[in-house]
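The values are calculated or read from the model by the stated rules, or taken from the named source; none is laboratory data. Keep in mind that what you see is a predicted model, and the values were worked out from it rather than measured. All Cβ positions, glycine included, derive from the backbone under ideal geometry; neighbour counts span all protein chains shown. Areas reflect the complete protein model, heavy atoms only, side chains present, ligands, DNA and RNA absent. Shrake-Rupley method; radii C 1.70, N 1.55, O 1.52, S 1.80 Å.
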Amino acid sequence: MYRKPVLLVIAHGSRDPRHAATVHALVHRVRAMRPGLRVETGFLDFNIPSVQGVLESLAAEGVRDVVALPLLLTRAFHAKADIPAVLREAPSCLRIRQAEVLGPSPLLRSALERRLYEAGLTPADRSSTGVVLASAGSSDPEAIAVIADIAREWWHTGWCAVRPAFASASLPRTEDAVRELRALGCERVAVAPYVIAPGRLPDRIARGAAGADVLADVLGPAPEVARLLLRRYDEASVKAPLRTRIGASA
């Protein structure tokens with residue numbers, strides 16, 4: 001039997017092999033940060049193991065407590081609908097707590113800045129650099145508003161300007177935000193992908209960054225992201241399990 005709840009990291013999945021490799025690298029860092037914690041990975045689509053498959057395997061092993069952590073930066077459709085639907089189908093012997101999505105968090109902002117500095121910027125460049133906060137995009141207005149809020153708060157930390165952009169579903173696109181920052185007179189323009197792992201939409205962000213001076217890497221296994229996963233796990237561990245909250249007969 002496992003005394004601590006198992007952490008199940010739920011990733012979206014992608015046909016792009018870089019996606020799963022990056023997710024596994026992040027999970028590896030989480031395990032290294034907390035050796036006594038069992039961490040598993042499940043994918044909603046395209047990759048294996050599936051979330052349902054991991055949950056069934058854990059139940060068969062005798063695990064009873066699981067924290068399901070969406071590897072998502074905003075509360076959009078996957079967090080609100082897809083993941084709860086999968087968790088409702090979990091074996092009834094499991095007590096599952098769903099953690100909050102990762103964003104927004106100051107740790108993510110620190111990870112974004114880490115990636116910008118790794119790409120060649122320095123703290124001295126902040127006041128003369130405009131940054132495009134490039135998200136995958138969503139049709140969920142709550143998720144879009146969160147990205148705009150993050151950009152506004154980030155700008156107040158000393159960057160010349162920060163503009164949100166989206167690879168799908170919403171506007172502006174990355175290339176439009178790059179042009180806007182040029183027009184504002186920023187000495188240099190940097191694109192910071194607000195995404196966890198490579199894939200089709202991050203590649204679209206990269207193409208839109210062709211006119212920028214700096215393109216940062218995806219957040220990936222940045223230590224700040226790993227720490228945030230553990231923070232979300234700890235927060236969720238003290239919550240009531242899903243079936244208790246929604247009622248055992250639901």
Task: Pairs where the first residue, in the range 216-239, is under 11 Å from Leu69 (Cα atoms) and the second is in a helix (DSSP H, G or I) and among the polar types (S, T, N, Q), C-beta under 7 Å, 6+ apart - done: none
Task: Residue among Ala206, Ala167, Ala197, Ala183 that alone is small (Gly, Ala, Ser) and more than 20 Å from the chain's Cα centre (by Cα) - done: Ala183
Open item on the list: Suppose we keep only residues that are touching a Lys or Arg at 6+ places or on another chain (Cβ under 8 Å) and touching a residue at least 40 places away in the same chain (Cβ under 8 Å) within the range 16-42. Which one would you say is most open to solvent (accessible area, probe 1.4 Å)?
Closed with: Met33
- [ ] Please enumerate the residues belonging to the range 203-223 that are crowded, with 18+ Cβ neighbours inside 10 Å, part of a helix (DSSP H, G or I) and touching a helix residue (DSSP H, G or I) at 6+ places or on another chain (Cβ under 7 Å).
- [x] Ile205, Gly208, Ala209
TODO: Hey, could you check the range 128-149 for residues that are modelled with pLDDT of 95 or more and either of a type in the set (Asp, Glu) or in a strand (DSSP E or B) (or both) and say which is farthest from Arg75 (Cα to Cα)?
DONE: Thr129
Task: helices (runs of 4 or more DSSP H) (entirely within the range 1-107) containing at least 3 residues that are charged (D, E, K, R) - done: 17-33
- [ ] Taking Leu112 as the residue in question, decide whether it is of a type outside the set (D, E, K, R), within 26 Å of Arg18 (Cβ to Cβ) and open to solvent by 60 Å² or more (accessible area, probe 1.4 Å).
- [x] no
- [ ] State the number of residues belonging to the range 183-202 that are outside any loop (DSSP other than H, G, I, E, B) and without any contact (Cβ under 8 Å) to a residue 40 or more places away in the chain.
- [x] 1
Open item on the list: Within the range 135-152, does at least one residue satisfy the condition of being on the phi > 0 side of the Ramachandran plot and crowded, with 17+ Cβ neighbours inside 10 Å?
Closed with: yes
